[in-house]
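To start, the structure itself, in structure tokens.
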Amino acid sequence: MTWSRALKDAARSGLTIERTKLTPLIAIRGSVGVALVIGLCLWRGDPTLAVSSAFGAFSSGIVTFQRSMRPRPVLALAVAGALAVSTFLGYLAAAHLLAFMLLLAGWTFLAGMAWAIGPVAGLAGTQTVAIMLVTVTLPTSVLGALQHAALIFFGGLVQATLIVVFPVRPWGVQRDALADALAAEADYARRLRQDPVAPFDPAPLMDARIASAVTPRQARRRPVQLHGPRGLAERVRPVLASLADPVVGAPLEGPERDRARDLLGAAATVLDAVAHAVRHARPVRLPPEAMAVLEVPATGPMLHGAARRSAYRLISLLADAVELTDEPVEATRPTTEGERGHLLRPSVPRLVPVALRALHREARWSSHVLRHALRVAAVAVAGYLLGTVLPFGHGYWAPLASVMVMRPDFAQTYSRGVARFIGTLVGVGVAGGLMALAHPGLYVSAALAVVCVALMYLLMRTGFSVTSACVAAYVVFLLGIAGAGWQQTVQERVVLTLVGGLLAMLSYALFPAWETPRLRDGLADWLAANGHYALAVFDLYATPAERRPRQIRDALLDSRAARAAWEESEARAEKEPVRHRGLSRASAKAAGAALATMGRVTMILEVHLPERDADASPGATAFAFELRASLEEATEAVRERGAVNWSELRAVWERWDAEDESRGVALRAADLLVDALDDLAEALSREPAEADGAPGDEAPGTAHDTARGGAGGTERNGGG
């Protein structure tokens, strides 16, 4: 992608306004917190303190709107504490330019590294830098600095108190995550009726798993509807795929396929009903037609073999899901000592070592997080010095604009830069016009600032340009409380925001952290994770007596995590103005499709694991042994741009096929697995000129992809 096209796409993305579900009650609660803090300070008769404390309540409210499964009061208090510390340290160093530059650089670097912990931590770190830049410009003494810091923390405390006193949809985030997972399963079942190898994105299942992690105290208070359906949703997904697949499930045509389609349609109806019940805390309502389909017919089309086992398993899982969800909502399940029926969420002190390990992992030159931290620290210092030299007041707005738009990846930085400038123009234009025409007084300006906060909280998820407009208007009214003239505010804000945005964009062009050269590493990690998952399943066929369900489960979760990391990396790379280095766009898509098929085949095989007393499979033993050896070589070859060869694994499968006359599920799945690995080798062996192709060309498939039409076909999002 050329620079001109990349910039055009980034600008279009930044100015896009999305339609999303609004949360007016939560927005009102957050704006009430800001209003209370401003009102109390104005009642004390100090507009400067009102401005300072309002920033604390405002920023604490912003972070609690982010997608996080942690309790919102904890987030509000944590952010308020960090804001108070950054403000006080900034006040101590503000009188000496060199000391403040060193503090700003160090603090901004740490805030940039916070993205290694997670997006919520990264946003919180960004807010601390922003507040440090804003509040240190308000004149005060050391004692006054302590007062400002205390008021900022008080603002966060007010927000946390309101969250506890006026909860909106308790367990709402967990309910939505679980309902989204069940709805995704229902949509998947419907698509399988028409396409037996339809893709499935495991992200909703991953979100539901994260949301289900609770503390022991929360486990005792959690609604019954949130106890069991997630685990059932995890088990329904492979059963649906196993039933629909024409190679290991129902035949592609005929009465059995019609029966499979009916079962998939009924499963989709049941899953949608369970999702609705979970989301709205209501009993399950099932149509009689769906229940009739799920009954085993006495006559008519019947399923056989592996498809029959999958159908029985599906009916049983759906019945369990309805039964668990239909329990009284207000009931709770007692937690006995040592119960492991839920995922334990670590307490805040226990998260500290986890955060330190995350920071240590990113402490390398090739890390995009480390490069982002260095980049944003340099830009913050340069922007502050430039804002000081320019003949404007409020010079901190230049570094403030830079820090707020900069993200670890190219696309977000550029799109947010454009969105912030356009939003700032609109916001300061509207707010400045009101100030010029109405000349509002102290309390009217405060009321208008609260209205802007409420609009920002309400429209936060619609787009960054809308958010920027609300924030710009909020700052104009807030500084009006402190006595700043609106004319100067508008001019400074526009010019310095443009300067800050240009600095942010220029920094990424001069010191980038491109994702494209790292694609092979991500692909190798996904291959290794998929291989370990396949080995865990085939090892169980080789030695059924040594059942290791936990090992298989852990391998599946690692495979999903590797796939999510790859898809995120590939999405970033597609928006970068960088030519491929050893892995073209088309080759990356084809390789990802092959690995997705590999994960899907392994998942289907997991549905038909042998019983503990089953006979060991010599063919599976030999296949697993060769897969383990070939996997190590192939993973290294992917990283080092070498040739990937699965001929020895294919030879082992052919011997297994010649010796095994039963044509069991494991043998058929192994065949499909080798086909997927051959697709991977072909995708990586293409010449760059051939792989790039013409714009809009699809990556070509292999001959057996078309011939089989089953699990061996390439699948864009089917694994995991």
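The values are calculated or read from the model by the stated rules, or taken from the named source; none is laboratory data. Only a predicted model underlies this, so the values are computations on that prediction, with no experimental measurement involved. Cβ coordinates were reconstructed from backbone atoms using ideal geometry, including for glycine residues, and neighbour counts include every protein chain displayed. These accessible areas exclude ligands, DNA and RNA; they are computed on the full protein's heavy atoms, side chains included. Shrake-Rupley method; radii C 1.70, N 1.55, O 1.52, S 1.80 Å.
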Worksheet item: Only one residue in Pro255, Pro238, Pro297, Pro246 is surrounded by fewer than 17 Cβ atoms within 10 Å (Cβ to Cβ) and modelled with pLDDT of 85 or more. Which one?
Response: Pro255
Item to complete: Go through segment 638-656 and give me each residue that's touching a residue at least 40 places away in the same chain (Cβ under 8 Å) and closer than 15 Å to Gly531 by Cα.
Response: Val638, Val644
Fill in: Residue under evaluation Asp554, criteria (1) without any contact (Cβ under 8 Å) to a residue 40 or more places away in the chain; (2) over 21 Å from the mean Cα position of the chain (by Cα), criterion not met
(2)
Response to the item:
In the set Ala179, Ala114, the lone residue that is in a helix (DSSP H, G or I) and either modelled with pLDDT under 85 or under 30 Å from Gly90 (Cα atoms) (or both) is Ala114
Discussion item. Please go through segment 573-592 and give me each residue that is assigned to a helix (DSSP H, G or I), open to solvent by less than 10 Å² (accessible area, probe 1.4 Å) and in contact with an Asp or Glu (Cβ under 7 Å, 6 or more places away or on another chain), ordered by number.
Written reply: Ala573, Ala588, Gly592
Worksheet item: Quick check: anything in segment 431-444 of a type in the set (A, V, I, L, M, F, W, C) and either modelled with pLDDT of 90 or more or open to solvent by less than 10 Å² (accessible area, probe 1.4 Å) (or both)?
Response: yes
Fill in: Residue that is modelled with the lowest pLDDT [pool: residues in segment 546-559 that are touching a helix residue (DSSP H, G or I) at 6+ places or on another chain (Cβ under 6 Å) and of a type outside the set (Val, Ile, Thr)]
Gln551
Practice prompt. With respect to Thr48, determine if the residue is hydroxyl-bearing (Ser, Thr, Tyr), open to solvent by less than 60 Å² (accessible area, probe 1.4 Å) and part of a loop (DSSP other than H, G, I, E, B).
Written response: no
Item to complete: Could you please let me know if Leu370 is part of a helix (DSSP H, G or I) and either on the phi > 0 side of the Ramachandran plot or without any contact (Cβ under 8 Å) to a residue 40 or more places away in the chain (or both)?
Response: no
Item to complete: Evaluate segment 71-90: report whether one residue or more is open to solvent by 10 Å² or more (accessible area, probe 1.4 Å), of a type in the set (Val, Ile, Thr), under 22 Å from Val168 (Cβ atoms) and in contact (Cβ under 8 Å) with a residue 24 or more places away in the chain.
Response: yes
Worksheet entry | So Leu557, is it in a helix (DSSP H, G or I) and open to solvent by less than 50 Å² (accessible area, probe 1.4 Å) | yes
Worksheet item: Restricting segment 658-672 to residues that are within 42 Å of the chain's Cα centre (by Cα) and not in a loop (DSSP other than H, G, I, E, B), which is farthest from Asp615 (Cα to Cα)?
Response: Leu672
Discussion item. Take the residues in segment 507-551 that are part of a loop (DSSP other than H, G, I, E, B) and free of Cβ contacts under 8 Å to residues at least 60 places away in the same chain; name whichever of them is farthest from Glu606 (Cα to Cα).
Written reply: Glu546
Discussion item. I need the full set of residues from segment 1-45 which are assigned to a loop (DSSP other than H, G, I, E, B) and either out of contact with any Pro (no Cβ under 9 Å at 6 or more places or on another chain) or over 23 Å from Phe421 (Cβ atoms) (or both), in order please.
Written reply: Thr16, Ile17, Glu18, Arg19, Thr20, Lys21, Leu22, Thr23, Gly45
Worksheet entry | One residue from Ala189, Ala198 being in contact (Cβ under 8 Å) with a residue 40 or more places away in the chain and either of a type in the set (Asp, Glu) or buried (at least 22 other Cβ atoms within 10 Å of the Cβ) (or both) | Ala189
Practice prompt. Give the residues of segment 617-645 that are in contact with a helix residue (DSSP H, G or I) (Cβ under 6 Å, 6 or more places away or on another chain), over 13 Å from Leu527 (Cα atoms) and open to solvent by less than 60 Å² (accessible area, probe 1.4 Å), sorted by residue number.
Written response: Ser617, Gly619, Ala620, Ala622, Phe623, Ala624, Glu626
Worksheet, complete the sentence: Those residues of segment 142-171 that are over 30 Å from Thr215 (Cα atoms), open to solvent by less than 70 Å² (accessible area, probe 1.4 Å) and not aliphatic (A, V, I, L, M) come to a total of 2
